[in-house]
Structure formats: C-alpha cells, structure tokens
Amino acid sequence: MLQPEVIQARRGGFTRRKFIKGVVAAGATASAAGYLFRGSGALSPFLTAQGAVERLVTLNVNGQQRRVEVPRQETLAMTLRYQLGLTGTKLGCDRAECGACTLLIDGVTHYGCSILTHTVRGREVTTIEGLERNGEMHPVQQAVLDEGGFQCAFCAPGFVMSMVGMLDRNPNPTREEAAELLAGNLCRCGDYDKILNTAMRAAELSGARA
Amino acid sequence: MAVIRDMIPPFELYQPAEIDDALRLMDQYGDQGWVLAGGLDTFDWFKDRIKRPQAVIDLAAVEEIRGIAAGADGGLEIGAMTSLTDVADHADVQGRYPLLAEAAGLVATPQIRNQGTLGGNIVQDTRCWYYRSGWPCYRAGGNICYAATARSMNREHCIVGASRCVAVNPSDTAPALVALDAEMVVASSSGERTFPAADFFIGPDIDIERMTVLEPGDLLTRIALPAPWEGARWYFEKIRDRKSWDFSLVSVASMLRVEGGAIADARIVVNSIAPFPVRMTAVETAIRGREPNEETGQLAGEIAIEGARALRHNDYKIALTRNLVKRSIRDAA
Amino acid sequence: MEFLRRALNPWGENVPIGVSWDLIWAAVIVGSVFVVGHALLVPKKVGAAEIDEDEARGLPEKVQRHTVGARGFHWSMSVAMFVLLITAFFPVVGIRFPWVTIHWIAGVVLILTVLYHIWHVFAKQDFWTMWIGRRDVEEGRDSLKAALGRSGEGEAGAGSGSRRPRAGKYPVDQKMFHHAAMIVTIGAVVTGILMMFRIDNFLWAENTYMFSDAAWGWIYVIHGICGIGLIFLVIAHVYFAIRPEKRWMTWSMIHGLIDREKYLQNHDPKRWVVAESGSDAVEAGADGD
Ligand SMILES: Cc1cc2nc3c(=O)[nH]c(=O)nc-3n(C[C@H](O)[C@H](O)[C@H](O)COP(=O)(O)OP(=O)(O)OC[C@H]3O[C@@H](n4cnc5c(N)ncnc54)[C@H](O)[C@@H]3O)c2cc1C
Ligand code: FES
Ligand code: FES
C-alpha cells in the first residue's frame with residue numbers, strides 16, 4: 001500500500017524540496033500510546049520503508065531537540081503529555097475554552113489542546129517544565145510560592161504560562177491590564193483575586209531581576 | 001453539549017509552503033479537503049467527528065499570506081494568515097483603522113487571538129449548537145432548522161436575514177471589515193477574484209450550507225483595506241455574556257464621515273443578528289446630512305430594527321440592536 | 001450511486017432526508033438518451049393516411065383542438081413548471097440565488113392552474129377524452145408497429161409505407177404523457193403543500209412537528225423524485241413539441257386550431273366527432289369505450 005500523499009506529491013509535480021517541508025508522512029497511529037482513537041497498524045510497515053524521515057518529527061521543547069513519532073492529527077498537548085511525558089501541561093476542556101493547556105510557542109501563549117503538533121515543527125515550544133533555568137525558578141513560579149496563588153491548582157500551569165507570556169508583552173501591567181491579559185484562563189476554584197496578586201508579584205519580581 | 005472525545009480521527013496532512021501548492025491540493029481533494037489556518041474553528045469539528053475530511057491542508061507554512069503591508073492607493077493589505085493579535089497590535093491598523101484593531105482585540109481570549117487568523121475569523125462557520133452538534137439541519141444538508149422550531153433554544157440566533165436556517169455569523173472582525181469597505185482577495189486555480197466584504201458573506205437564501213462565497217478550491221489570500229476616510233469617527237461595541245471568551249450576542253461597527261457637523265457618509269454594520277454581517281443601508285441613507293447626536297441615533301435605531309422578527313428566546317436582540325445602532329452614531333469618536 | 005440521502009436525527013434514528021441529487025444528472029442523461037435514441041431510430045415520415053373525400057365533406061377548414069381555456073392552462077402551468085424546475089435544481093447544481101420564495105410562489109401558481117384545469121375538465125370538457133381505453137391500447141400497438149416499419153393488418157401498399165392508425169382526440173402517447181405528468185405533478189404538489197409548513201409563508205404558520213422526522217424525510221424524498229421525474233418528462237415533451245411531424249399539434253396549443261387535412265389524417269372522425277361546418281367548431285364527443 002503506497003501512501004496516498006506521497007503518490008500524489010509525485011504525480012502533482014510538487015517540487016521535492018518544498019515537500020520536504022511540505023508533506024508530513026507521519027505514521028498514522030502506530031505509536032504505543034493507549035489513548036489513541038484508532039490504530040492503523042497496516043500502514044506502519046510501509047511507512048518505515050518509505051518515509052521514515054518524515055514520519056518522525058523533531059520538536060524543540062524546552063530547549064531540547066526531541067524526536068518523536070506523531071500521528072498527523074495529534075494535538076501538541078497530547079504529544080507533550082503522552083509521548084514526551086511532560087504532564088505539566090494540563091488538559092481541561094480540550095476545546096480552547098479553559099486555558100489549562102496554555103504553553104508558549106516562540107514565546108507567545110497558545111492553547112496546546114488546539115494546535116497540531118506538526119504545525120509547531122521548527123518552532124520553540126516552552127512548557128511549565130521549561131521555566132526553571134539552572135535550578136533557579138522563574139519569577140512567576142517564585143510569585144506563586146510567595147502569594148500561595150491557587151487552591152487546587154489544576155489551572156496553575158496554564159495561568160503561569162499566561163503570566164510569562166503577559167510579562168513579555170507588558171512587563172509592568174496594572175491590575176486591570178493583567179486581568180485583561182490573563183482572560184484566556186479559567187480557574188474552577190474562582191481564585192482570581194489571589195491569581196492576580198500572583199501576577200502583580202511576578203511583575204515585581206521579574207522587574208527586580210531585569 | 002458535544003460528547004468530549006480525546007482524539008481526532010486520522011487524515012492526510014499537507015503543509016505546503018506556496019499558494020500554488022495549496023491550491024493544487026485543494027483542487028485535488030475538493031470537498032474532501034479542509035483548509036487549516038489557526039484551527040480554532042476547525043478542531044471542534046474534528047474532535048466531535050462531525051467533519052471528517054480526507055486531507056487537511058495546513059497553511060501555517062505559506063508565508064506569502066501572512067503579514068501586513070501597505071496596499072494600493074494608501075490602503076493596507078493584511079494576509080489571511082496574520083494572527084488576530086498581530087492585526088490588533090499593528091501600529092498602522094491601530095493608527096488608521098482603529099475600528100479593526102478594536103474588533104480583532106475583542107475576539108475570544110489572548111491565546112485564541114495569538115493563534116486564530118484574520119482569514120479564519122472571517123471564514124469561520126456559525127456557532128449554532130444544533131448545527132455544531134452534528135444534527136442533520138439544513139446547514140448540514142438536511143431539511144430542518146432545529147433552532148427555529150417552537151421549542152428551540154434560540155437565544156443566540158437570528159432576528160433578520162433568516163431563510164429556513166436561523167444561525168448567525170459569529171465573527172467580530174467581519175462587521176468591522178464591511179464597515180471599512182474592505183475587499184476580500186480570493187485565489188483559486190482558475191485565478192484571482194476580489195469581493196467587496198459586504199458581498200463576501202452570503203445568507204441561507206442563497207446557499208444554506210455556506211457562510212461565504214468561498215467554494216471548495218477557493219483560498220482567501222488577503223484582505224485589502226482602502227485608504228480610510230479622512231478624520232472619520234468610528235464606533236465598535238460587542239455585547240457578550242462574559243467579558244472574555246464569548247461570542248458576541250450583538251455587535252456593531254460604524255464609520256462616520258462628519259463634515260461641518262453633519263454626517264456626510266456612513267457605514268453601519270451589525271453582526272450576530274443574521275447569518276451575515278448586516279450593512280444597514282437604510283440607516284446610512286437616513287442619517288446622511290444629520291448631526292450625529294442622540295436624536296439621529298434614536299431615528300437610526302428605529303430604522304435598524306424595522307422588519308426584525310424575534311424567535312422565541314431572542315427578542316432582547318431587537319432592543320439591543322436598536323440601542324447599539326443608536327450609540328454607534330451618537331458616541332462615535 | 002445512492003438514491004436516498006439519509007442522516008441520524010438527534011434521537012439516533014436513521015431517517016431519510018431527501019433524494020440523492022445525483023439523480024438529477026441521471027434524469028438528464030436518461031432524457032438525452034431517449035431523445036437521441038428516438039431521433040435516430042424512429043423514421044421521420046410515417047406514410048400519411050389518404051384523405052377520404054366523404055369524411056372531409058362538410059367539415060370546416062380548421063378544426064379547433066384546444067379551447068382558449070385549455071391553452072391558457074397549458075401555458076401558465078408550463079411557465080410555473082419551468083420556474084419551479086429552475087428554482088429547484090439550478091441552486092443544487094451550483095447556480096446560486098435566493099430561490100425559496102420564488103419556488104413556493106410558483107408552486108402556488110401551479111396549484112391554482114391545476115385546480116382550474118380540474119374544474120375545466122369536469123365542467124367544460126369531456127373528461128373521457130383523456131381516458132386510456134381498449135381502443136387506445138390497440139392504437140398504441142398499431143402505431144408502434146407502424147413506427148417500426150411493420151404495418152398493422154398488412155394493408156401497406158407498395159410504396160405507401162406503413163400507415164399509422166388514427167387516434168381519438170388525443171393520441172395514446174399524448175395520453176400516456178399526460179398521465180405520467182399528472183402523477184408526478186400531484187406528487188410534487190401534495191408534498192410541496194406539506195413542505196410549505198416548514199417555511200415562512202403568508203398562508204399559514206410553520207409547524208415542524210406535524211410529522212415525525214422519518215415521515216418528513218419521505219415527503220422530501222417523494223417531492224424530489226417527482227421533481228426529478230419532471231426533468232425527464234419535460235425533456236421528452238419539449239423534444240416532441242419541436243419535432244417537425246408534430247409541430248401542427250404544437251401550433252394548435254398556441255392558436256387552438258388544426259387543419260382539416262391534419263384532422264382527417266391523424267384523428268378518427270368517429271372517435272373525435274367534429275361538428276359540421278356552419279356551426280362553430282366545437283369539441284368532440286366522447287370516445288366512449
Ligand atoms: C472558545 C472560542 C471562543 C471564540 N470566541 C470568538 C469571538 O468572541 N469572536 C470571534 O470572532 N471569534 C471567536 N472565536 C472564533 C475564533 O476566533 C475563530 O474560530 C478563529 O478566528 C478562526 O480562525 P482560525 O485561524 O483559527 O481558523 P480555522 O479554524 O483554521 O479556520 C476556520 C475556517 O475557515 C477556513 N479558512 C481558514 N482560513 C482560510 C483561508 N485563508 N481561505 C479559505 N478558507 C479558510 C477553514 O477551512 C475553516 O473552515 C472563538 C473560538 C473559540 C474556540
Ligand atoms: S484544555 Fe486547552 S483550553 Fe482547555
Ligand atoms: S485553583 Fe483550582 S482551578 Fe484554579
């Protein structure tokens with residue numbers, strides 16, 4: 001069985017160079033992860049022979065190059081959690097409606113549940129696990145400790161990543177501006193007041209450090 | 001609510017780097033292909049397994065249609081793949097088209113604006129939950145509108161422009177672009193076409209399964225804004241349940257050109273009350289030559305709701321439309 | 001190819017939602033094949049009957065075949081029909097315009113013309129002239145043989161070609177067309193009236209709950225089948241209307257009259273009795289079999 005897109009790429013006369021960037025010939029769902037919706041084992045023998053290079057992607061996660069086999073339809077949060085073991089990124093709604101999965105792509109906040117892993121190839125992904133540098137906590141993390149910012153803290157990784165993104169856009173926000181910039185995260189415990197205290201403290205700390 | 005599922009069913013994925021390759025792929029797959037921009041409309045469909053295209057054509061690598069540049073005759077051109085954040089933050093957009101910057105900045109949440117694209121925001125499908133639950137309504141090729149029956153929950157649906165289907169256009173940038181006389185530049189394998197924003201959106205009377213003129217194989221490449229009116233006043237307001245995340249219940253975008261105290265020209269556009277952004281031409285005509293004050297606003301509001309018809313749960317939209325249109329004239333700055 | 005479009009309703013029932021639009025093309029193709037096949041296979045000229053001078057005696061120069069009322073009906077119904085077909089199928093095949101309102105208004109016009117026609121037939125015309133009886137069956141058999149070049153009772157003289165049998169007021173093929181068109185039109189009209197309960201119109205309020213989803217689905221299916229059937233019938237009808245040897249009939253649908261010669265060649269004066277010259281050209285009595 002020949003992979004349809006490979007055949008069509010040839011027939012359609014696409015230039016090879018473009019398609020090295022272009023075609024994602026990832027193995028459908030042969031990875032071992034048990035959460036997968038549908039395994040399509042039949043594809044994998046061929047894939048290994050034909051497109052081993054394209055099936056694997058190299059992701060830049062938290063400054064490391066991670067090679068991983070990713071189904072085309074997999075979202076980044078899934079890959080991080082279930083293939084790379086980076087479970088700091090939470091999945092709340094899986095629908096871009098809660099912010100628990102917030103992470104940084106090239107320094108900008110995104111919902112990891114709502115972007116394909118293949119879309120972020122070649123871009124810098126930062127998760128909550130990547131904030132600590134040389135054993136030193138990120139100012140936002142320190143602020144969480146200082147303020148005791150969360151209750152159950154399921155929303156915390158997402159909020160923390162949003163705060164990191166926020167400080168990049170506006171290092172010195174007012175409380176209103178902070179609320180505005182953190183409006184893409186929900187807290188089920190309704191602990192917004194303390195979360196905003198944390199955000200203001202984080203701005204202070206990172207200002208002091210800069 | 002849709003059943004939460006954890007995995008998207010498989011599809012072929014292409015990431016072309018050139019428009020031509022994207023168009024070729026779109027032609028090849030026809031209605032079995034799906035164009036992916038930011039994916040914030042797309043992934044719900046996929047996760048709920050309601051839309052199951054054979055191939056997804058991810059535009060992320062098509063650099064040609066990302067970014068903002070000067071356009072012809074003092075205008076501005078925005079690539080379809082430009083993120084809503086980039087639109088809202090761009091100095092030229094903020095300086096010369098504040099209406100668009102405001103509208104783009106009020107979409108959903110910061111994360112969604114970082115990823116969602118202007119093109120995707122314009123082309124996005126309706127949010128009617130009967131339709132999005134995958135029921136066989138008119139828009140899905142069936143023969144019923146579940147939102148228009150006597151027992152439907154239709155607080156978010158149409159008060160004008162319905163034809164069998166009563167779903168509304170959810171986009172915040174669409175009314176702003178109509179008010180700014182933007183043009184949509186559409187590429188397909190047979191060439192490039194341009195549509196005035198007002199004609200780009202279509203109602204269910206013309207095609208009940210689509211929100212825009214785009215057919216399979218059509219790619220929105222850029223949005224061309226003409227030079228803005230000199231010294232124009234503008235107004236944008238979006239009413240929603242929560243101040244973040246939510247789609248508009250009613251939104252209004254207006255542009256006024258005021259000369260010697262009187263309105264010389266106007267664009268008044270209301271969205272989320274019809275399946276398309278509604279340009280209120282009758283209002284525009286009626287207020288020409290008048291002062292942009294309370295009285296004119298009152299008149300405009302009354303004209304705006306002529307012919308509006310509420311469904312069971314959305315009569316508040318009539319009052320809201322009247323008042324927003326009034327404010328959009330009285331308070332334009 | 002699928003015949004039905006089906007879907008899962010919110011209660012998980014698999015219900016029909018309409019007929020497959022592929023059938024539009026099937027109807028167009030079948031219609032075209034029929035037309036081309038007929039044009040190629042059936043000879044243009046079947047030997048015309050000689051005119052019997054005795055029969056001709058006393059007959060007017062022109063015989064009326066369609067009254068003003070009948071012609072008015074035919075043309076208004078055909079306009080409505082074309083509007084209905086165009087508004088129904090053009091959008092489906094990609095020519096988009098707001099069609100719903102035009103469609104149902106044309107439908108109402110069609111219903112009015114059909115009601116008029118029914119009244120006219122029963123009150124003013126002879127219902128039985130359209131009836132297919134034993135003699136029509138014989139006539140059909142003979143004309144088929146004649147068309148295929150074999151004469152009915154071996155009466156084809158050398159060189160005179162095969163002879164067509166003479167019909168009553170309406171030849172049997174016309175009667176068959178009438179009945180086919182009648183059936184699909186009634187199907188489309190009845191389902192169409194019901195479907196008007198699902199759209200905004202000034203006649204009555206919408207009522208989606210009138211039937212179950214499945215019942216509604218079948219109504220849409222029947223409406224679709226009838227509509228698509230009409231595509232085929234209209235193709236065939238227009239084709240016959242423009243065929244040279246039938247144009248005298250087409251003209252008679254415009255000015256109402258046919259020549260005495262055509263009358264005698266094609267119609268059996270016993271089955272379609274025309275009043276003697278002097279009195280007004282009136283319509284025939286019954287065929288009566
Ligand atoms: C929780 C949530 C809340 C939201 N709230 C709002 C809101 O308040 N206001 C608002 O306006 N929007 C809102 N949105 C919608 C969101 O902004 C849009 O879905 C998003 O902008 C769509 O852009 P995208 O780039 O993500 O599109 P995609 O999902 O990638 O695409 C959307 C559709 O457009 C098509 N498409 C995309 N680009 C092109 C192109 N260049 N040419 C042809 N077709 C194309 C795709 O095929 C798809 O059908 C919300 C979305 C979510 C998930
Ligand atoms: S899990 Fe991504 S936003 Fe909720
Ligand atoms: S602390 Fe519990 S969800 Fe935010």
When a/c reaches 1.5 or more, the comparison of a/b and b/c decides; with that in mind, is segment C:64-283 rounded, prolate or oblate per its Cα gyration tensor? prolate
What is chain B by shape, rounded, prolate or oblate, if you read a ≥ b ≥ c off the alpha carbon gyration tensor as root eigenvalues and call it rounded for a/c under 1.5, prolate for a/b larger than b/c, and oblate otherwise? oblate
Determine the per residue accessible area of segment C:64-283 with all protein chains present and a 1.4 angstrom probe, expressed in square angstrom. 52 Å²
How big is the B/C interface in buried accessible area, both sides summed, 1.4 Å probe, to the nearest 100 Å²? 1600 Å²
Simple spin-label estimate for A:Glu132 and B:Ala333 in nanometres, 7 Å along Cα-Cβ: 4.8 nm
Could you sort the residues of segment B:95-113 by number and keep only those whose accessible area is reduced by 30 Å² or more in the all-protein-chain setting relative to the chain alone, 1.4 Å probe? B:Pro110, B:Gln111
Counting only heavy atoms of the protein chains, get the accessible area per residue of segment A:80-185 (1.4 Å probe) and round it to a whole Å² value. 39 Å²
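Under the definition of Cα pairs under 8 Å and six or more residues apart, what whole-number percent is the relative contact order of chain B? If you can, show how the numbers build up before the last one.
Details: 770 pairs, mean separation 54.7, N = 333.
Once normalised by length, the contact order is 16 percent.
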Would you mind getting the accessible area per residue of chain B, heavy atoms of the protein chains only, 1.4 Å probe, in Å²? 36 Å²
Round to a whole number: what % of the accessible area of segment C:64-283 belongs to carbon and sulfur, probe 1.4 Å? 69 percent
With the full set of protein chains in place, find how many percent of the accessible area of segment B:93-209 is carbon and sulfur; take the probe as 1.4 Å. 51 percent
Rounded to the nearest 10 Å², the accessible area of C:Phe90 using a 1.4 Å probe with every protein chain kept is 90 Å²
Given a cut-off of under 8 Å on Cα pairs at least six residues apart, what relative contact order in percent is computed for segment C:64-283? 26 percent
Roll a 1.4 Å probe over the protein heavy atoms and report the accessible area of B:Ser189 in Å², nearest 10. 80 Å²
Using protein chains only (no ligands, no nucleic acids) and a 1.4 Å probe, work out which residues of segment B:35-53 have their accessible area cut by at least 50 Å² relative to the chain alone. B:Phe43, B:Lys47
Compute the accessible area of each residue in segment A:71-116 twice, once for its chain alone and once with every protein chain present, using a 1.4 Å probe on heavy atoms, and list those whose area falls by at least 50 Å². A:Arg72, A:Gln73, A:Arg95, A:Tyr111, A:Ser114, A:Leu116
Expressed as a percent, the accessible surface of segment B:233-330 that is carbon or sulfur, using a 1.4 Å probe and the full set of protein chains, is 46 percent
Of all GluC sites (Glu not before Pro) in segment B:225-333, the ones in DSSP coil with at most 16 other Cβ atoms within 10 Å are B:Glu230, B:Glu306
Trypsin sites (Lys or Arg not before Pro) lying in DSSP loop within segment B:220-295, provided at most 11 other Cβ fall within 10 Å: B:Arg242, B:Lys243
Leaving out ligands, DNA and RNA, calculate the buried accessible area for the pair B and A with a 1.4 Å probe, summed over both sides, in Å² to the nearest 100. 3900 Å²
Top mean-square fluctuation among B:Ser272, B:Ser133, B:Ser254, Gaussian network model of chain B, C-alpha springs under 10 Å? B:Ser133
Quick one: what Rg and Dmax do you get for segment B:239-333 from the alpha carbons, in Å? 13.3, 45
By the Cα gyration tensor axes a ≥ b ≥ c (a/c under 1.5 gives rounded; else a/b larger than b/c gives prolate, otherwise oblate), the shape of segment B:10-62 is oblate
Cα pair distances in the protein assembly as shown, grouped into 20 Å bins until the bin that holds the longest one, percent each: 13, 36, 28, 15, 7, 1, 0
Amide N proximity, segment B:76-111 versus B:Ile19 label position 7 Å along Cα-to-Cβ, cut-off under 11 Å: B:79-80
Looking at chain B as a GNM with Cα springs under 10 Å, which of B:Ala80, B:Ala69, B:Ala37 has the largest mean-square fluctuation? B:Ala69
Non-local residues with an amide H under 5 Å from the amide H of A:Gly184, with H modelled 1.01 Å from N and Pro and chain starts lacking one, are B:Gln111
Modelled label reach - A:Thr87, point 7 Å along Cα→Cβ, segment A:105-132 residues with backbone N closer than 14 Å: none
Computed E for C:Trp131/C:Ile183 - FRET, C-beta separation, R0 22 angstrom, nearest 0.05: 0.90
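The values are calculated or read from the model by the stated rules, or taken from the named source; none is laboratory data. Remember, predicted model here, so these are calculated numbers, not experimental data. Don't worry about glycine lacking a Cβ; one is built from the backbone with ideal geometry, like all the others, and counts go over all protein chains shown. In case anyone asks, the SASA skips ligands and DNA or RNA and just uses the protein heavy atoms, side chains included. Shrake-Rupley method; radii C 1.70, N 1.55, O 1.52, S 1.80 Å.
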